[in-house]
Amino acid sequence: MDQPASIIDPAPSNDEMGRRIYELAARLYPICRSITGDGVRETLEILSETIPLERHEVATGTPAFDWTTPREWMIRSATVRNAAGEKVIDFDDHNLHVLNYSAPFRGTVRLDELKRHIHTLPEQPDLIPYRTSYYSENWGFCMAHNRLAELPEGDYQVEIDAEFKDGSLTYGEYLHRGETDREFLLSAHVCHPSLANDNCSGLAMLACLAASLKSRKTRYSYRFLFAPGTIGSLAWLSRNEDVTERIDHGLVVSCVGDGGGPTYKRSRRDNAFIDRAMAHVLSRCPKPATLLDFSPYGYDERQFCSPGFNLPVGLFQRSAFGTFPEYHTSADNLDFIRPEHLAESYRIVTEVIDIVEGDWTPVSLCQKGEPQLGRRGLYAALGGDRSTGLSAMSLLWVLNLADGRHSLLDMAERSGLGFKELAAAAELLRLHGLLADAR
Amino acid sequence: MDQPASIIDPAPSNDEMGRRIYELAARLYPICRSITGDGVRETLEILSETIPLERHEVATGTPAFDWTTPREWMIRSATVRNAAGEKVIDFDDHNLHVLNYSAPFRGTVRLDELKRHIHTLPEQPDLIPYRTSYYSENWGFCMAHNRLAELPEGDYQVEIDAEFKDGSLTYGEYLHRGETDREFLLSAHVCHPSLANDNCSGLAMLACLAASLKSRKTRYSYRFLFAPGTIGSLAWLSRNEDVTERIDHGLVVSCVGDGGGPTYKRSRRDNAFIDRAMAHVLSRCPKPATLLDFSPYGYDERQFCSPGFNLPVGLFQRSAFGTFPEYHTSADNLDFIRPEHLAESYRIVTEVIDIVEGDWTPVSLCQKGEPQLGRRGLYAALGGDRSTGLSAMSLLWVLNLADGRHSLLDMAERSGLGFKELAAAAELLRLHGLLADAR
Amino acid sequence: MDQPASIIDPAPSNDEMGRRIYELAARLYPICRSITGDGVRETLEILSETIPLERHEVATGTPAFDWTTPREWMIRSATVRNAAGEKVIDFDDHNLHVLNYSAPFRGTVRLDELKRHIHTLPEQPDLIPYRTSYYSENWGFCMAHNRLAELPEGDYQVEIDAEFKDGSLTYGEYLHRGETDREFLLSAHVCHPSLANDNCSGLAMLACLAASLKSRKTRYSYRFLFAPGTIGSLAWLSRNEDVTERIDHGLVVSCVGDGGGPTYKRSRRDNAFIDRAMAHVLSRCPKPATLLDFSPYGYDERQFCSPGFNLPVGLFQRSAFGTFPEYHTSADNLDFIRPEHLAESYRIVTEVIDIVEGDWTPVSLCQKGEPQLGRRGLYAALGGDRSTGLSAMSLLWVLNLADGRHSLLDMAERSGLGFKELAAAAELLRLHGLLADAR
């Protein structure tokens, strides 16, 4: 009989929540993150103002399955100067200008040699691309193609004041403890520099979600992970294999601040509870949602869904990665994300959590024939009116499927009605002594 | 080897059958039925002229699962008179004028008070609606909205000469005994007053169907139930729980006289034999049919498909309830139903019965390679002609699938051919010693 | 670790192969074949120049399940002469002119009697139809409808110099032995006279395929069967019931030289490996392919898929039989088939064989998280570039699904990538020690 308490509309208002998430994302935006180094630490520190994050440091050289924790990267400055000594590229102007995880370099090179180290987007000639070189040592810059075209022949002084050193890889973790130790994992990558949607948006949204859960008594425990892409999730997995056995649901969250989508990529299991709950919530969104089958390309769901783990973890986004022109460019800035989109993304994930928390399997205590709803004031008393049927549909569906083999989500899928409405109907019927819990 | 006899075309002709059903429906139309009372008894008496109905009386106050048999309702007259003493509403004009199961009332009321007891259809202002108040005591009238609008302010004399009394609820039952005690349930609600399609049409069609089965030797037993909606089927179920275990197929039948549809709502089991047989017959109707998934709103399939019974009972209609403008109004009259539509509905149900009766699982006695049909005169002798293939398809399909794991209905579903054609092919092959019965 | 060798592009070039098949078909075209007799023997002799065919003779009267091997049919000449002694029909002009397996006849008949023995195509009045009368003794001719219309009233001298005699039915067989005795059956009917597509094309294509397999080391053994339709495959089946238990895959091949289709009719099992492999190859053809469900009408798949055998044998064609106007007429001549279409048909079947040979079930040796592909040079080193993802997709899919429960074909079906690409990726990963064989 100990049903979870009925669904609580999470305070504060959606508008206010969108603003909070946006402001937090805006604070994270300027920081130059990479897979290791102080950018991640600074980011986690800011997030710690919202939730009591536990920070983990994994020493350089620590194995993580097939991988090894890389050295820390420190970047102090990076410039290219022309013959006149004028800066033509400057990391201080935009942290995308330096190839992320670039090796240090100091020297004078001719333009054609320099060009071999400069990445541009000829089809988006005013944007700076985002490029990385984590696992192969290179030095390099990124810049707008139009700016590169303006550079005259000649010698250029290059100075990348960067350093690789033994240190550690950093990730942050927060566990909201629920009634049980079964877990819902929410993960966002923390390694991208100044890209607002990818993934300041996801970091900020999860932090605000975690904060709002603090005041909520939940059935599940909710684990929030803020880790660098790939190597960060691998490090976490390798140190938490026992935890993975407790994960019943999971979402990787990225690019949740733009106006596209929503998009959900199913877990490798294809029809896990999280996949069904997401499909249900998205089916009722005002904007038509895109449901994608699992594929092993994307974010850290690649690791969570590797065959040795095969966790029920999907990927939630607004626009799918790689599909919007701002993706991995300097146009993914604070103008590209909006509070109202962040609020809507937050609402969607919150509704999924409501389903995860609120699903149960009712058993009707009156399975032979319908119970007489009218006598209990649960049914429009006046028969024959063709309008009355609809309002009672949720009650009728719950009663009809309350054979102990259908959870509320099953009922939502079969009836086409909303989970919320059915949950409210089931609660009402339970209060009237017509339903019990199948457990 | 004791296959059921080959399918007999039920005499009389379809045209004649349509006329018979219409005439019977027309006799039932004027009677003022309700869930209890003499209207039902009079209806059953008329049906008894066609089939030897057994009449059951269930005493007021008898429990039926969560329900209780209500008191009998007697209605003698119901009028509203204006200040001049002229009748402005008169039950004698149309039995829809009185709120069905209305409490008695006598008194003088002002127009605004009267209006609170009058039901109209503002969007269909010339029609009288059908309204009931079974389980909440009210007095009231129904009338055309335009007529209500004409009533001047002033006092009105209301007199509803009705009575509730302890008595009984009445239902009728007829069992056609077949070779086995496995049953096919056919049920029509008997509680609606002057509504021709809903359900004089269903009552008349089932009575004529029952009559025609009398001369047919069947494998199944056929149980016909004419009971008031909801409480009637609940009463029957509560008194016949043992019978429900013998029900292999069932149909609730209502609104079978209009020109819409045909419509079939699947049983809660979704893919019961009756659902598959109905889908097969409807797939071959001249008019495109509508197949609806089960939902727990409608007629007495709600009770038969409640989780404690979960019987394989679907709902057969022409236009689906609630979807046609005449539904539950005075426009559902004898002009709205037509003999040809009743005949077509009858044909559909009869074909379903033919499948239920005629399905069997042939086993080929020559499973390695095809048998030589030509030598037995079963195949067009002249090869190479591209037209000959089609006519032999039913023989070839039956032989190919006669592995003991496919019944004729399975074969029809896989081949896309008609059940009738395959049944004839199987019979021919059996006569030639090429098939045996898998049983 | 003994994977099959990587897929070898079969020499010679596709263009050259198309020409070879066409030339062989052209040599077979003029011969007057029937279900028995020297036409079949002459055909097999020509095919023997390409592959070492084993010729089998089944004596007249030998039973084959429900059938009996018929007498041999010998046809020397067949003419109809008008009153002036001029030949108005002459078998020497076109072997379709005689009803195939016609009884001998000599006599003078009036035009109306003659017409009862003449088959025409009134809707294709310039074409000679192909007609047979194998299992019912008849004499007859086939001719263009327009030519028949020109014949004046009067007497006609008919002379069909044919003979039925005890002898044998002939079929040819060739077995390419692979590493195992599990078999892939490829069958083409050898009984049609001068019809180029139906089935000189199939005979020639299978012979050339068999020849090219000679130089290929295969896992499966490949059995090629050239037998008369129906009675030929029945004779083979009745003499090779033990072989049928070793058949894991099979294709009946006919009408593979026209420009329609491609068309594949699934085996009776509906989702056998051959059905899936065919569907995969056809899904990637430049022309949209047609996939048909099994039906028990067509070619010898009727016998192979009879319930007592239920072999995984489908039918591969370009245009489906009976769907093109040239079908079973004199227009199915050497102009109707083209080398390029034959080459494309050959390519399709070869790709299916590549899948049958090349499918295996990899098991990742690094299932927890992804292995680090970059360190092994298997991955574009430079991250962030949105173009790099696609090229690595096949590696990622193979690794992700290499849980020992997915073969390469399973992976192709789930990923939407091509089998070839995935097989190459798996081979690369195996070479890098990342995959083992699940066996």
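Please go through the range A:99-116 and give me each residue that is under 29 Å from A:Gly61 (Cβ atoms), surrounded by 18 or more Cβ atoms within 10 Å (Cβ to Cβ) and away from chain C (no Cβ under 11 Å), ordered by number. I'd like the intermediate steps shown before the answer.
Applying the first criterion (under 29 Å from A:Gly61 (Cβ atoms)) to the range A:99-116 yields A:99-106.
Next, only the ones that are surrounded by 18 or more Cβ atoms within 10 Å (Cβ to Cβ) stay: A:99-102.
Answer for the range A:99-116, where residues must be under 29 Å from A:Gly61 (Cβ atoms), surrounded by 18 or more Cβ atoms within 10 Å (Cβ to Cβ) and away from chain C (no Cβ under 11 Å): just A:Ser102.
From the list B:Thr79, B:Thr69, B:Thr120, pick out the single residue that is free of Cβ contacts under 8 Å to residues at least 40 places away in the same chain, β-branched (Val, Ile, Thr) and buried (at least 16 other Cβ atoms within 10 Å of the Cβ). Steps first, answer last, please.
Working: B:Thr79 fails: free of Cβ contacts under 8 Å to residues at least 40 places away in the same chain; B:Thr69 fails: free of Cβ contacts under 8 Å to residues at least 40 places away in the same chain.
Of B:Thr79, B:Thr69, B:Thr120, the one residue that is free of Cβ contacts under 8 Å to residues at least 40 places away in the same chain, β-branched (Val, Ile, Thr) and buried (at least 16 other Cβ atoms within 10 Å of the Cβ) is B:Thr120.
Tally up the residues in the range B:169-182 that are surrounded by fewer than 19 Cβ atoms within 10 Å (Cβ to Cβ) and more than 20 Å from B:Val313 (Cα to Cα), please.
In the first step, residues of the range B:169-182 are kept if they are surrounded by fewer than 19 Cβ atoms within 10 Å (Cβ to Cβ); the result is B:173, B:175, B:177, B:179-182.
Checking the rest, the ones that are also more than 20 Å from B:Val313 (Cα to Cα) come to B:179.
So the count comes out to 1.
Of the residues that sit in the range A:230-251 and are of a type outside the set (A, V, I, L, M, F, W, C), within 10 Å of another protein chain (Cβ to nearest Cβ) and closer than 16 Å to A:Gly172 by Cα, which one is surrounded by the most Cβ atoms within 10 Å (Cβ to Cβ)? Show your work before the answer.
From the range A:230-251, those of a type outside the set (A, V, I, L, M, F, W, C) are A:230, A:232-233, A:238-242, A:244-246, A:248-250; that's our starting set.
Right, trim to within 10 Å of another protein chain (Cβ to nearest Cβ) and you get A:230, A:233, A:238, A:241, A:244.
After this cut, where a residue has to be closer than 16 Å to A:Gly172 by Cα as well, the list is A:230, A:233, A:238.
On the way: A:Thr230: 23, A:Ser233: 26, A:Ser238: 18.
Within the range A:230-251, the match that is surrounded by the most Cβ atoms within 10 Å (Cβ to Cβ) is A:Ser233.
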Study note, to complete from the structure: When the range C:211-249 is checked residue by residue, the ones that are in contact with a strand residue (DSSP E or B) (Cβ under 9 Å, 6 or more places away or on another chain), hydroxyl-bearing (Ser, Thr, Tyr) and over 15 Å from C:Asp66 (Cα atoms) are C:Thr218, C:Tyr220, C:Ser221, C:Tyr222, C:Thr244
Point to revise | Options C:Arg246, C:Arg269, C:Arg239; residue that is touching a Phe, Trp or Tyr at 6+ places or on another chain (Cβ under 9 Å) and either modelled with pLDDT under 95 or more than 24 Å from C:Lys420 (Cα to Cα) (or both) | key: C:Arg269
Check your understanding: Taking the range A:145-174 as the search range and keeping residues that are of a type in the set (A, V, I, L, M, F, W, C) and in contact (Cβ under 8 Å) with a residue 60 or more places away in the chain, which one is farthest from the other protein chains (Cβ to nearest Cβ)?
Key -> A:Leu151
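Quick one: which of A:Leu195, A:Leu225, A:Leu185 is more than 13 Å from the chain's Cα centre (by Cα) and surrounded by 24 or more Cβ atoms within 10 Å (Cβ to Cβ)?
Numbers: A:Leu225 fails: more than 13 Å from the chain's Cα centre (by Cα); A:Leu185 fails: more than 13 Å from the chain's Cα centre (by Cα).
That would be A:Leu195, the only listed residue that is more than 13 Å from the chain's Cα centre (by Cα) and surrounded by 24 or more Cβ atoms within 10 Å (Cβ to Cβ).
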Review point. Of the residues C:Gly39, C:Gly61, which single one is of a type outside the set (A, V, I, L, M), in a helix (DSSP H, G or I) and within 30 Å of B:Arg376 (Cβ to Cβ)?
Key: C:Gly39
Check your understanding: In the range C:359-382, how many residues are in contact with an Asp or Glu (Cβ under 9 Å, 6 or more places away or on another chain), in contact (Cβ under 8 Å) with a residue 40 or more places away in the chain and either in a helix (DSSP H, G or I) or surrounded by 23 or more Cβ atoms within 10 Å (Cβ to Cβ) (or both)?
Key -> 2
Check your understanding: Which of the residues belonging to the range B:130-143 are touching a residue at least 60 places away in the same chain (Cβ under 8 Å) and either touching a Phe, Trp or Tyr at 6+ places or on another chain (Cβ under 6 Å) or away from chain A (no Cβ under 14 Å) (or both)?
Key -> B:Thr132, B:Tyr134
Exercise for review: Check whether at least one residue in the range B:261-270 is among the small types (Gly, Ala, Ser), crowded, with 24+ Cβ neighbours inside 10 Å and within 25 Å of B:Ala204 (Cα to Cα), and report yes or no.
Suggested key: yes
Point to revise | Residues satisfying the stated conditions in the range C:397-419, i.e. more than 11 Å from every other protein chain (Cβ to nearest Cβ) and either in contact with a helix residue (DSSP H, G or I) (Cβ under 8 Å, 6 or more places away or on another chain) or free of Cβ contacts under 8 Å to residues at least 40 places away in the same chain (or both) | key: C:Leu408, C:Leu409, C:Asp410, C:Ala412, C:Glu413, C:Gly418, C:Phe419
Practice item. Could you check how many residues of the range B:109-164 are in a loop (DSSP other than H, G, I, E, B), aromatic (Phe, Trp, Tyr) and either at pLDDT below 95 or touching a helix residue (DSSP H, G or I) at 6+ places or on another chain (Cβ under 9 Å) (or both)? Key: 3
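May I ask you to list the residues in the range C:273-312 that are away from chain B (no Cβ under 13 Å) and touching a residue at least 60 places away in the same chain (Cβ under 8 Å)? Please lay out each step first, then the result.
First, the residues of the range C:273-312 that are away from chain B (no Cβ under 13 Å): C:273-291, C:312.
Correct list: C:Phe273, C:Ile274, C:Arg276, C:Ala277, C:Met278, C:His280, C:Val281, C:Leu282, C:Arg284, C:Cys285, C:Pro312.
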Exercise for review: Output yes when any residue across the range A:77-94 is farther than 29 Å from A:Tyr171 by Cβ, more than 14 Å from chain C (Cβ to nearest Cβ) and in a helix (DSSP H, G or I), and no when none is.
Suggested key: no
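What about B:Lys115, is it more than 25 Å from A:Lys368 (Cβ to Cβ), in contact with a strand residue (DSSP E or B) (Cβ under 7 Å, 6 or more places away or on another chain), free of Cβ contacts under 8 Å to residues at least 60 places away in the same chain and not aromatic (Phe, Trp, Tyr)? Can you show your working first?
Details: more than 25 Å from A:Lys368 (Cβ to Cβ): yes; in contact with a strand residue (DSSP E or B) (Cβ under 7 Å, 6 or more places away or on another chain): no; free of Cβ contacts under 8 Å to residues at least 60 places away in the same chain: yes; not aromatic (Phe, Trp, Tyr): yes.
When the stated conditions are applied, B:Lys115 does not pass them.
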Revision key, fill the gap. Exactly one of B:Ile355, B:Ile337 is buried (at least 19 other Cβ atoms within 10 Å of the Cβ), more than 10 Å from every other protein chain (Cβ to nearest Cβ), under 30 Å from B:Gly416 (Cα atoms) and in contact (Cβ under 8 Å) with a residue 40 or more places away in the chain, and that one is B:Ile355
Review point. Is it true that some residue in the range A:176-184 is touching a strand residue (DSSP E or B) at 6+ places or on another chain (Cβ under 8 Å), in a strand (DSSP E or B) and closer than 30 Å to A:Ala83 by Cα?
Key: no
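Can you spot a residue in the range B:118-129 that is within 20 Å of B:Lys165 (Cα to Cα), within 14 Å of another protein chain (Cβ to nearest Cβ) and either over 28 Å from the mean Cα position of the chain (by Cα) or among the β-branched types (Val, Ile, Thr) (or both)? Full working, then the answer.
Taking the range B:118-129 as the starting set, the residues that turn out to be within 20 Å of B:Lys165 (Cα to Cα) are none.
No; the residues of the range B:118-129 include none that is within 20 Å of B:Lys165 (Cα to Cα), within 14 Å of another protein chain (Cβ to nearest Cβ) and either over 28 Å from the mean Cα position of the chain (by Cα) or among the β-branched types (Val, Ile, Thr) (or both).
Please find, within the range C:377-396, the residue that is modelled with the lowest pLDDT out of those that are more than 8 Å from chain A (Cβ to nearest Cβ) and more than 25 Å from C:Asp410 (Cβ to Cβ). Explain how you work it out, then say what you get.
Narrowing the range C:377-396 to residues more than 8 Å from chain A (Cβ to nearest Cβ): C:377-380, C:387-388, C:390-391, C:394-395.
Narrowing the set further to residues that are more than 25 Å from C:Asp410 (Cβ to Cβ) leaves C:377, C:380, C:387-388.
Numbers: C:Gly377: 83, C:Ala380: 60, C:Ser387: 45, C:Thr388: 40.
Applying the filter and picking the extreme gives C:Thr388.
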Review point. What about C:Leu151, is it out of contact with any His (no Cβ under 9 Å at 6 or more places or on another chain), surrounded by 17 or more Cβ atoms within 10 Å (Cβ to Cβ) and more than 21 Å from C:Leu44 (Cβ to Cβ)?
Key: yes
Practice item. Taking A:Gln303 as meeting all but one of (1) under 19 Å from A:Trp67 (Cα atoms); (2) at pLDDT below 95, write down the number of the exception. Key: (2)
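The values are calculated or read from the model by the stated rules, or taken from the named source; none is laboratory data. Since the structure is predicted, the reported quantities are computational estimates derived from the model, not experimental observations. Neighbour counts are summed over all protein chains in view; Cβ atoms, including those assigned to glycine, are modelled from backbone coordinates with ideal geometry.
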